[in-house]
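Chemist: I have a structure here, written as structure tokens, and I will follow up with some questions on it.
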Amino acid sequence: MQKLYATRSNVVTDSFVAGADGVTLNYTVAVPLLMNGEMTGGLFCSIYFDEIIHLLNQAMSSDGVEAVLIGSKGQIMSSTNGLSYGADYMDILRDTTIFQLTTDQLESLLLSRKSGSFTSMNSGNIQHTSFGPIKRTNWDVLVTADFLSALLPIVPEIILMNVAMLLFLVLLYLYTVKQMKKQAEANNSLLMTFHDLEKKLFHSDEVEQIDYENILQMSSKGLKDELTGLSTRTFFLTKQINY
């Protein structure tokens, strides 16, 4: 009330215990009522603790993303990951390995109402946290994305892609081996043809009686052009053996 009358501006309080049961938590939004520049009263609205939790859960719809609402004194007011209400958030972070900045630097940034981000490691899991002030309040919100939780939903897709890639590589390898075997068989066949040709040309007692048509048929790929059917230069060189 004192702050409301002193500033004549909207006031949003931290969470506090209220209600007959002594355990109900809520927040209060106070708006000054002005008339002719004079404050005549105030309008108060309470936001229940459970409603804040519901809003945070709605905002953090992605898997592995958690949110923490920090009060004006650095205390935890609400969280989606079950952090203890009223605990000092900096004390919790001191058990976590933080990169890029220290807990004292983070606390200074929060107190000065600045935004930023940092990466941390908790129980071997990498986390990324973005933080910033909430307008017209003394609150700060920290949103943390968990690397493993974000990765797990897409693991089946990654495995499927790797299996498909491995299958493709295996098929490509088998096809390449098959083509190489065919090429080797063709080379061996051609080599045998030339060996037979050599025997006929150089190991025959009657060179004059050599059937050159038979030789051409045996080595058609080497002595006859496949496209035109004409004898190649190799054929004519072979014919000179008679002279």
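Chemist: Among what's in the stretch 123-175 and is in a loop (DSSP other than H, G, I, E, B) and of a type in the set (S, T, N, Q), pick the residue that is modelled with the lowest pLDDT.
Modeler: SER123
Chemist: If LEU83 satisfies every condition in (1) at pLDDT 85 or above; (2) closer than 20 Å to ASP14 by Cβ; (3) of a type in the set (A, V, I, L, M) but one, which is the exception?
Modeler: Against the list (1) at pLDDT 85 or above; (2) closer than 20 Å to ASP14 by Cβ; (3) of a type in the set (A, V, I, L, M), LEU83 comes up short only on (1).
Chemist: How many residues, within the stretch 26-41, are among the hydroxyl-bearing types (Ser, Thr, Tyr) and modelled with pLDDT under 75?
Modeler: Within the stretch 26-41, residues that are among the hydroxyl-bearing types (Ser, Thr, Tyr) and modelled with pLDDT under 75 number 1.
Chemist: Pull out all pairs, ordered by first then second residue, where Cβ-Cβ is under 9 Å, the residues are six or more apart or on different chains, the first lies in the stretch 42-70 and is modelled with pLDDT under 75, and the second is acidic (Asp, Glu).
Modeler: MET60/GLU66; ASP63/ASP146; GLY64/ASP146
The values are calculated or read from the model by the stated rules, or taken from the named source; none is laboratory data. Model, not experiment: these values are computed from the prediction. Neighbour counts run over all protein chains shown; Cβ positions are idealised from the backbone, glycine included.
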